[in-house]
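The values are calculated or read from the model by the stated rules, or taken from the named source; none is laboratory data. Just so you know, these numbers come straight off a predicted model, no measurement behind them. Ideal geometry is used to build each Cβ from the backbone, glycine not excepted, and the neighbour counts take in all protein chains shown.
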Amino acid sequence: MPSAKRLFSVLLPALFLALLAPGLSPGAQEKKIPDYSLTERKDVPVEFTWKIEDIYPDLESWKADKEAALTLIGRVAETAPGWTSSPQKMLALFDLLNDINQKAVKLMSYASHQYNADMGNTAFQGMTGELQSIFVQLNSKLAFLSPDILALGADKFAAFLKAEPKLEPYRFRVEDILRQKAHILPAEQERIASLTGLFGGTPGRASNVLNDVEMPSLEVTLSDGQKVLLNFAAFQRLRTSKNAVDRSLVMNTFWMNQKKYEKTLSILLDGAMKQHLFNAQVHGYKDCLEARLFGDAIDPQVYYQLIKSVRENLAPLHRYLALKKQLLGLETLRYDDMYASSVPAVDKVFAYEEARRLVQSAMKPLGPEYDQALAKALTDRWIDIYPNKGKQSGAYSGGVYGVHPYLKLNYNGQYSWVATLAHELGHAMHSYFASRTQPFSTHGYPTFLAEVASTFNEQMLMNELLRTEKDDLFKLYVLDSYLDQARSTLYRQTLLAEFELAMHRRVEEGGTLTADWLGQKYLELTRAYYGHDQGVCRVDDYYQVDWSRIPHFYLNYYVFQYSTGLVASLALSDAVLRGGPAEQARYLDFLKAGGSDTPIALLKKAGVDMTRPEPTLAALNRFNELVTEMEKLVAKLKAAGKL
């Protein structure tokens, strides 16, 4: 359904997913990075966990607020009749829904964050399911909102706004609904369509549980004789091994085990794509991409332009991969080697306290206001730091309006997780400043902007280390780490965006996403991007099932925003680093703006025009420049006998 319509429905919290970081290197154990991966959640030291009681002090308080929310929901029926007949009645309903929305975010955040930290706890799973049912049912009863606004019309709403200035926080959302007039159904049809929310997230949740909880793991014997149960955490750790034989064994074993479940996972993904198609067709869009982007006023050409620009500029990626092959001393670079550090001589591990200090230092150019907010996040237990038994893999940040953001990590001491900490804190600061500045109705920024602040922070971290580090070998390591992350964000996420476009087009043409089709298409694209046929990087057949472990596909055209986010953040970070107080203030204003305008308009105010190809081409050129800088460092270190 149109996104503007949802904004007057009950909102559930957005969890901004980051790229999964590689696992713990053997050297990390020397710094005694805490390992709670097999520890029950209740036994993890409290100082390493997020302060969930900031949302509710205990379960009884959660239950009491749930009852309060139900009471407010009960008032909707008495407030809704004639709600567009006067400015005061409109304000009364909007304020009531605003209050319900805020409670919905708190209630769902309390339950979902705890479930994600302990996915074996069925109580939290039950709580999230209960809330989903409550609010989906309510949303179905609010289907009259958009049709009534359309019936009211722009002129009458302008008169209402003039008569009742307190309607101003809702102006942007109402005007956005009026813009989407052609795609909003009559009230009863919208009500029926909204009921799909009862099961809409089922494919994604089922995929997550199968991948993260129920799928059995195989045991592998490494070259040193060590036997390891190859769960996902171990896979992430061991695919970075310095031993090429072990890397290949781990990659091959993990993906061949995953392939056993590809038919089930393909059915789940097919179901999700067809749900996207259902919503697009019901609301009169020509395709799923237009349906997804129209609500945020994004021209689909932004999507097509990204793919075209990246496809036409694969040469810098291939140069980087050739350098990786050289540094690893390989005759043939294989995708098995993609997660191995190109600078094996550097085995630097960062205790969490070191990571905190590094990130804070890197963000100093943003000034005292940002620095103080960052210190709160790092010291007031906003962050759940280490893996524990049953904890969801990866990382995310989720804001809770009126409380503070919550960050989930699975920190293991590698530099990649230092960068992930910076990334998630970028999300958190965006949510924090928007929540403090904007009313609830406009604090939530659209997903197109979700990866701007996060990748901005990664670039600030990389620039700080390149500026201050004296050891050329470690500088090479930092540069390689950043380029590998940029490879994953700019090139790989665009690859995934092209794959997602192909999936949607197949179901739009009446096709089905079978495991065979998904594997063939995924392998074709991966080989094209990574230069398989040109001898740049060999991509073996077993890698074709990687599509089955990408939860973002269930979020409906999400992944391309990692790439566009990086493009925008490169422009913004460059402006801050080269500029002064004016550029610093402009960036903070962007964070504080939240969702008060369309994403394209907000970026234009910040100085980046995403409707033009120049920002994307500049980002690709910057990647190329960094590859050149890395090549020079390699030559210098080789001449000095350090490589």
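Applying the criterion of being basic (Lys, Arg) and part of a helix (DSSP H, G or I) to the residues of region 532-578, the residue that is farthest from LEU602 (Cα to Cα) is ARG549. For region 103-135, the set of residues classified as among the acidic types (Asp, Glu) and farther than 19 Å from ARG41 by Cβ consists of GLU130 only.
The helices (runs of 4 or more DSSP H) located wholly in region 451-513 that include 3 or more residues which are within 27 Å of LYS638 (Cβ to Cβ), modelled with pLDDT under 95 and touching a Phe, Trp or Tyr at 6+ places or on another chain (Cβ under 9 Å) occupy 452-468, 472-486.
Being closer than 30 Å to ARG173 by Cβ and surrounded by fewer than 22 Cβ atoms within 10 Å (Cβ to Cβ) narrows it down to one of LEU473, LEU501, LEU449, so name that one.
On the way: LEU473 fails: closer than 30 Å to ARG173 by Cβ; LEU449 fails: surrounded by fewer than 22 Cβ atoms within 10 Å (Cβ to Cβ).
Of the residues listed, the single one that is closer than 30 Å to ARG173 by Cβ and surrounded by fewer than 22 Cβ atoms within 10 Å (Cβ to Cβ) is LEU501.
Please determine, by comparing only the residues of region 31-64 that are among the aliphatic types (A, V, I, L, M), part of a loop (DSSP other than H, G, I, E, B) and surrounded by 13 or more Cβ atoms within 10 Å (Cβ to Cβ), which one is modelled with the lowest pLDDT. Among residues in region 31-64 that are among the aliphatic types (A, V, I, L, M), part of a loop (DSSP other than H, G, I, E, B) and surrounded by 13 or more Cβ atoms within 10 Å (Cβ to Cβ), the one modelled with the lowest pLDDT is ILE33. Quick check: is even one residue across region 570-591 on the phi > 0 side of the Ramachandran plot and touching a residue at least 12 places away in the same chain (Cβ under 8 Å)? So far as region 570-591 goes, no, none of its residues is on the phi > 0 side of the Ramachandran plot and touching a residue at least 12 places away in the same chain (Cβ under 8 Å).
When GLY413, GLY398 are screened for being within 28 Å of ALA351 (Cβ to Cβ) and either out of contact with any Ser or Thr (no Cβ under 9 Å at 6 or more places or on another chain) or surrounded by 24 or more Cβ atoms within 10 Å (Cβ to Cβ) (or both), only GLY413 passes.
To keep it simple, each residue is scored yes or no on (1) more than 21 Å from the chain's Cα centre (by Cα); (2) of a type in the set (A, V, I, L, M); (3) assigned to a helix (DSSP H, G or I).
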| position | (1), (2), (3) |
| --- | --- |
| ARG586 | yes, no, yes |
| PHE590 | no, no, yes |
| THR616 | no, no, yes |
| ALA619 | no, yes, yes |
| PHE623 | yes, no, yes |
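In the set (1) touching a helix residue (DSSP H, G or I) at 6+ places or on another chain (Cβ under 7 Å); (2) of a type outside the set (Asp, Glu); (3) more than 30 Å from GLU40 (Cα to Cα); (4) assigned to a helix (DSSP H, G or I), the condition left unmet by ARG436 is number (1). Filtering ARG356, ARG292 for residues that are within 23 Å of the chain's Cα centre (by Cα), of a type in the set (Lys, Arg) and closer than 19 Å to MET462 by Cα leaves a single hit, ARG356.
Of all residues in region 223-237, those satisfying the criterion of being under 23 Å from LEU327 (Cα atoms) and either modelled with pLDDT of 95 or more or polar (S, T, N, Q) (or both) are SER223, GLN236. Within region 53-89, the set of residues being closer than 19 Å to SER140 by Cα and hydrophobic (A, V, I, L, M, F, W, C) comprises ALA69, LEU70, LEU72, ILE73, VAL76, ALA77, ALA80, TRP83.
With the condition kept exactly as written, say whether any residue in region 209-219 is in a loop (DSSP other than H, G, I, E, B) and among the polar types (S, T, N, Q). For region 209-219, residues in a loop (DSSP other than H, G, I, E, B) and among the polar types (S, T, N, Q): present. PHE172 satisfies every condition listed in (1) within 30 Å of the chain's Cα centre (by Cα); (2) crowded, with 16+ Cβ neighbours inside 10 Å; (3) farther than 17 Å from PHE440 by Cβ except (3). Would region 312-325 turn up any residue that is aliphatic (A, V, I, L, M) and outside any helix (DSSP H, G or I)? Yes.
Suppose the filter is farther than 24 Å from ARG191 by Cα, assigned to a loop (DSSP other than H, G, I, E, B), at pLDDT below 95 and in contact with a Ser or Thr (Cβ under 7 Å, 6 or more places away or on another chain); does LEU24 pass it? No; evaluated as a whole, the condition is false for this residue.
Note on region 396-422: residues that are more than 13 Å from ILE383 (Cα to Cα) and outside any loop (DSSP other than H, G, I, E, B) total 5.
In the set (1) part of a loop (DSSP other than H, G, I, E, B); (2) out of contact with any Leu (no Cβ under 9 Å at 6 or more places or on another chain); (3) small (Gly, Ala, Ser), the condition left unmet by SER248 is number (1). The residues of region 202-239 that are touching a Ser or Thr at 6+ places or on another chain (Cβ under 9 Å), among the charged types (D, E, K, R) and buried (at least 18 other Cβ atoms within 10 Å of the Cβ), listed by number, are ASP212, ARG237. Among the residues of region 307-314, is any touching an Asp or Glu at 6+ places or on another chain (Cβ under 9 Å) and farther than 23 Å from ARG549 by Cα? Yes: one or more hits.
Taken over region 73-101, the criterion of being crowded, with 19+ Cβ neighbours inside 10 Å and within 30 Å of the chain's Cα centre (by Cα) is satisfied by PHE94, LEU97, ILE100, ASN101.
Only one entry of ALA340, ALA351, ALA355 meets the criterion of being touching a Lys or Arg at 6+ places or on another chain (Cβ under 9 Å), among the aliphatic types (A, V, I, L, M), touching a residue at least 60 places away in the same chain (Cβ under 8 Å) and buried (at least 18 other Cβ atoms within 10 Å of the Cβ), and that entry is ALA340.
Scanning region 326-352 for residues that are part of a loop (DSSP other than H, G, I, E, B), of a type in the set (A, V, I, L, M, F, W, C) and either within 20 Å of ASP540 (Cα to Cα) or touching a strand residue (DSSP E or B) at 6+ places or on another chain (Cβ under 7 Å) (or both) returns LEU330, LEU333, MET338, ALA340.
Candidates are the residues of region 518-554 that are surrounded by fewer than 19 Cβ atoms within 10 Å (Cβ to Cβ) and touching a Ser or Thr at 6+ places or on another chain (Cβ under 7 Å); the one that is nearest to ILE267 (Cα to Cα) is PRO551.
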